[in-house]
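Step one of this worksheet: look at the structure below.
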Amino acid sequence: MKDIIIIGGGPGGLTAAIYAKRAGCDISVFECMSPGGQVMTTPEIENYPGFSGTGFDLAMKFFEQTSAMGVDFQFENIKSLKKEDGIFKLCCESGAEFEAKSVIIASGARRRKLDIKGEGEFTGRGVSYCATCDGNFFKEKIAVVVGGGNTAVEDAIYLSKLCSKVYLVHRRDSFRASKVLTDKLPNHPNIELVLNTVPLEIGGDDKVNKLIVSNKITGETSEIITDAVFVAVGTIPETSFLPSEVELDKGGYVVTNNKCMTNIEGLYAIGDVRNTPLKQVITAAADGAVAATYAAEYIGG
Ligand code: NAP
């Protein structure tokens with residue numbers, strides 16, 4: 001049995017691993033993809049002190065640091081989790097089972113879909129959820145980014161350096177994204193804002209060639225000719241493996257106290273899966289430090 005199992009290898013999970021390891025705990029980090037989490041797909045990080053570069057580079061630094069400390073990584077997908085007689089029991093998709101005295105949920109969030117016609121059909125053929133992963137396929141081509149948050153604005157700026165033209169389609173006339181990002185938009189004249197507009201359908205032949213949209217003010221329907229549609233309309237917390245007793249908020253995010261502990265003793269939640277008001281690399285990392293410190297205290301480490 002492990003002292004602490006950390007579910008998720010993003011900035012929060014890896015910081016928790018560093019703190020738990022330094023507290024002398026026997027730990028494992030479970031990650032079903034590559035360590036780094038969503039930060040891997042962030043084009044540029046300029047709000048993490050002491051670092052300037054791509055999200056991929058920062059994620060690699062986190063991974064190298066934890067690996068050098070001898071953190072045990074398990075590349076398994078957790079299917080279910082329950083607490084029985086004070087012990088946490090985890091079941092993996094592979095059928096493997098693990099036990100721990102404490103668990104830190106750092107499973108993050110996945111990209112929300114638009115749920116419009118053509119989205120599923122053209123995924124991988126012009127529809128993408130990751131500008132840094134797929135932007136290169138659309139060099140000198142036209143792209144649409146849908147969304148009005150930090151991800152959408154960052155993606156539009158990133159793509160404007162590759163694509164001949166980028167349409168940023170947002171359903172309102174003001175952005176949810178922070179001012180520091182929206183202030184950069186005028187520096188990229190090939191980004192055209194398409195505001196008060198909702199996407200209705202993605203069309204094409206074998207690949208995307210248009211996005212059909214509707215203007216919310218005029219009610220008018222029109223087509224944007226494009227080679228790609230990048231969907232950046234928010235995230236959904238990854239909580240499907242959690243038992244129903246774990247308290248979630250209205251949005252499905254895990255509720256915690258100021259020690260990052262959930263309503264179940266010994267079970268902690270950190271980063272984007274938690275109902276934190278600010279979802280950033282630095283806040284996920286800070287959550288990881290807090291949760292690991294109190295998890296170590298909980299198990300008597
Ligand atoms: P977000 O902040 O939730 O924004 C989602 C955007 O998509 C909103 O503008 C929303 O419109 C729009 N939207 C939602 N559903 C839609 C639909 N069905 N059709 C059309 N538009 C839709 O999501 P995010 O940008 O992915 O960011 C997630 C979290 O990560 C946030 O807390 C963000 O601050 C953080 N983040 C931070 C950074 C950074 O600090 N550099 C970078 C990326 C992400 P409304 O505005 O009308 O609701």
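The values are calculated or read from the model by the stated rules, or taken from the named source; none is laboratory data. Computed from a prediction, not measured in an experiment: that's the story for all the values here. Neighbour counts run over all protein chains shown; Cβ positions are idealised from the backbone, glycine included. For accessibility, only protein heavy atoms count, side chains too; no ligands or nucleic acids. Shrake-Rupley method; radii C 1.70, N 1.55, O 1.52, S 1.80 Å.
Table for the structure above
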{"quantity": "Any pair with Cβ under 6 angstrom, 6 or more apart, that starts in region 26-51 at a residue that is more than 18 Å from residue 65 (Cα to Cα) and within 16 Å of the ligand (Cβ to nearest atom) and ends at one that is outside any loop (DSSP other than H, G, I, E, B) and open to solvent by less than 20 Å² (accessible area, probe 1.4 Å)", "calculated": "42/55; 45/55; 45/58"}
{"quantity": "Residue 88 touching a Lys or Arg at 6+ places or on another chain (Cβ under 9 Å), in contact (Cβ under 8 Å) with a residue 40 or more places away in the chain and not in a helix (DSSP H, G or I)", "calculated": "yes"}
{"quantity": "Candidates 105, 191, 157, 142 - the one that is within 30 Å of residue 265 (Cα to Cα) and out of contact with any Phe, Trp or Tyr (no Cβ under 6 Å at 6 or more places or on another chain)", "calculated": "105"}
{"quantity": "Given (1) more than 14 Å from the ligand (Cβ to nearest atom); (2) of a type in the set (Val, Ile, Thr); (3) surrounded by fewer than 16 Cβ atoms within 10 Å (Cβ to Cβ), index of the condition residue 198 fails", "calculated": "(1)"}
{"quantity": "Pick from region 229-287, criterion outside any loop (DSSP other than H, G, I, E, B), among the hydroxyl-bearing types (Ser, Thr, Tyr) and in contact (Cβ under 8 Å) with a residue 40 or more places away in the chain, ranking: surrounded by the fewest Cβ atoms within 10 Å (Cβ to Cβ)", "calculated": "235"}
{"quantity": "Selection within region 140-152 - small (Gly, Ala, Ser) and buried (at least 24 other Cβ atoms within 10 Å of the Cβ)", "calculated": "143, 147, 148, 152"}
{"quantity": "Residue selected from region 249-263 under the condition over 19 Å from residue 149 (Cβ atoms) and touching a strand residue (DSSP E or B) at 6+ places or on another chain (Cβ under 6 Å), by the criterion farthest from the ligand (Cβ to nearest atom)", "calculated": "261"}
{"quantity": "Residue in region 4-20 that is open to solvent by 30 Å² or more (accessible area, probe 1.4 Å), over 22 Å from residue 256 (Cα atoms) and more than 16 Å from the ligand (Cβ to nearest atom) present", "calculated": "no"}
{"quantity": "Residues of region 46-85 satisfying the condition of being among the β-branched types (Val, Ile, Thr) and part of a helix (DSSP H, G or I)", "calculated": "66"}
{"quantity": "Any hit, region 234-256, residues being farther than 30 Å from residue 295 by Cβ, among the acidic types (Asp, Glu) and out of contact with any helix residue (DSSP H, G or I) (no Cβ under 8 Å at 6 or more places or on another chain)", "calculated": "no"}
{"quantity": "Residue match in region 131-151 (condition: within 9 Å of the ligand (Cβ to nearest atom), in contact (Cβ under 8 Å) with a residue 60 or more places away in the chain, in the same structural domain as residue 214 (by TED's automatic domain parsing) and more than 22 Å from residue 278 (Cβ to Cβ))", "calculated": "yes"}
{"quantity": "Filtered residue count, region 111-126, keeping only those that are within 14 Å of the ligand (Cβ to nearest atom) and either among the hydrophobic types (A, V, I, L, M, F, W, C) or at pLDDT below 90 (or both)", "calculated": "2"}
{"quantity": "Check on residue 219, modelled with pLDDT of 95 or more, on the phi > 0 side of the Ramachandran plot and not polar (S, T, N, Q)", "calculated": "yes"}
{"quantity": "The listed residue being assigned by TED's automatic domain parsing to the domain that holds residue 248, aromatic (Phe, Trp, Tyr) and open to solvent by 80 Å² or more (accessible area, probe 1.4 Å), out of 88, 75, 98", "calculated": "75"}
{"quantity": "Leading residue by the ranking (nearest to the chain's Cα centre (by Cα)) among those in region 164-202 that are farther than 22 Å from residue 46 by Cβ and in a loop (DSSP other than H, G, I, E, B)", "calculated": "170"}
{"quantity": "Scan of region 153-180 for residues that are surrounded by fewer than 18 Cβ atoms within 10 Å (Cβ to Cβ) and within 16 Å of the ligand (Cβ to nearest atom), ordered by number", "calculated": "171, 172, 173, 174, 176, 178, 179, 180"}
